[in-house]
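The structure appears right after this line, and notes come after that.
Values quoted throughout were computed directly from the atomic coordinates according to the rules given, and no laboratory measurement underlies them. Please read all numbers here as calculations on a predicted model, not as lab measurements. Cβ: placed from backbone, ideal geometry, glycine included. Neighbour counts: every protein chain shown.
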Amino acid sequence: MLRRTLLAVSDSQRIRELVTSYPATRGVVDRYVAGDTSADAVRVARRLREDGLSVTLDYLGEDTTELAHATAVVEEYVSLIGKLAAEGLTDGGAVEVSVKPTAVGLYLAGDGEKIAADNITRIATAARDAGTTVTLDAEDHVAVEATHRIAVKLRESYPDLGSVVQAMLRRTESDCRELAASGTRVRLCKGAYNEPEPEAFTGRHDIDRSYVRCLRVLMEGPGYPMVATHDPRLIQIAGALALHSGRDTKDFEYQMLYGIRPDEQRRLAASGAQVRVYVPYGDDWYAYLVRRLAERPANLRFFLRSLGSAS
Ligand code: FDA
């Protein structure tokens, strides 16, 4: 309930201004975001690689409303990939990138879907030339169908292009069957958006049950499952299902967000599992921060206390 309320009020421009202008917010942002610049992203990626973790980098921003801005986002990704490649960080896909279709133009008036597809193609080409991959983040359910269409089309030329599915959406188990059959790289997460009841499971247990059903489909298929969760029970179930499906540790990976359960990330990697950390960077962090606060009431309490002590 708190989660849904927070996600709903976060659209308000007044609340955005209040949160982003408070100096104490920075401390909380720093927990979840690598920094404002690509230099920060490369530095954090390098450090995580030294700890034996793989990385996916996300240049923060979404719901782009101007073509020039969408183009600038693409240029940022291409430049980032160049910097990563110069340090050998992209070798073997060790550091890849995650892209939000709405950040590169999906919602632009006219032919947003084509603009987004062309822009993702530019990023995927740079990634392929650097020896790495792109994963398309999943946004709210309104964007899911177009994102899926773009991914299917682009995989004809970039078969490594990864997709993300959200267990909270009712359609996802069926999407998993389709994606698993085609041998795709699929990141399975619970879903971070405020979705309406007809489209989504809203109860925590229903979402978890859907996650396990989807996980089973992905593990039993020929694709590459990317198990994105911090939930200890689901991590345990993923390990058991992988074993049951005869998968080796190199045949799937765990994924977690930067700043969340870092000890568990290292513990899993030390046990021989493949672990990839999702690292966002950039100054447009507001929407990302709100989703992280909404996931955990304790984070919100900590955040409100920080604001209180700053005022
Ligand atoms: P859950 O929220 O139940 O948390 C389980 C445990 O993890 C908590 O008890 C707590 O210990 C810890 N935890 C979780 N969130 C925390 C937080 N914010 N702060 C501190 N501790 C926390 N979503 C989406 O809609 N589209 C996408 O493309 C992606 N991409 C993505 C990539 C990766 C690598 C991850 C890990 C997650 C995403 N997500 C996402 C977000 C995802 O949908 C979901 O909102 C979060 O992962 C939280 O769900 P959990 O599975 O961790 O479970």
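Taking Gln236, Gln274, Gln166 in turn, the Gaussian network model of the chain (Cα-Cα springs below 10 Å) assigns the largest fluctuation to Gln236.
In the frame of its principal axes, segment 216-311 has Cα extents of 56, 24, 24 Å, reported largest first.
Legend: calculated FRET efficiency, Asp63 to Asp91, from the Cβ-Cβ distance at R0 = 30 Å, rounded to 0.05, equals 0.35.
You can think of it this way: the chain between Asp30 and Arg170 has 47.0 nm of extra reach, that is 0.36 nm per residue less the Cα-Cα gap.
Bridging of Lys114 to aspartates and glutamates at a Cα separation below 15 Å is possible for Glu66, Glu145, once same-chain residues fewer than 8 apart are set aside.
Using only side-chain charges placed at the Cβ, +1 for Lys and Arg and -1 for Asp and Glu, the dipole size of the chain relative to its Cα centre rounds to 1040 debye. Given segment 1-87, what whole percent of its Cα pairs are spread farther than 15 Å? That tail contains 71 percent of the Cα-Cα pairs.
Please report Ile150, Ile260, Ile115 as a ranked list, fewest other C-beta atoms within 10 angstrom at the top and most at the bottom.
Taking fewest neighbouring Cβ atoms as first place, the list is Ile260, Ile115, Ile150.
Remark: the chain is approximated by an ellipsoid whose semi-axes, taken from the C-alpha gyration tensor as √(5λ), come to 26, 23, 21 Å, largest first. Entry note, the chain: the mean residue ellipticity at 222 nm calculated from DSSP H runs of n ≥ 4, each adding -39500 (n - 2.57), is -16500 deg cm²/dmol after division by the residues and rounding to the nearest 500. Can you give the Rg/Rh ratio of segment 1-152, where Rg is from the C-alpha atoms and Rh is the Kirkwood radius? Using only Cα positions, Rg/Rh for segment 1-152 is 0.99. When the chain is treated as a GNM with alpha-carbon contacts under 10 Å, the residue of Thr71, Thr147, Thr135 showing the greatest mean-square fluctuation is Thr71. With a simple spin-label model that places each label point 7 Å from the Cα along the Cα-to-Cβ direction, the separation between Ala181 and Arg16 comes to 4.1 nm. Taking the alpha carbon gyration tensor of segment 90-142, multiplying each eigenvalue by 5 and rooting it gives semi-axes of 23, 12, 5 Å, largest first. Expressed as a whole number of Å, what is the distance separating the alpha-carbon centroids of segment 163-236 and segment 3-33? Each part's Cα centre sits 27 Å from the other's. Rg/Rh, computed from the Cα trace of segment 114-258 with Rh as the Kirkwood radius, has the value 0.96.
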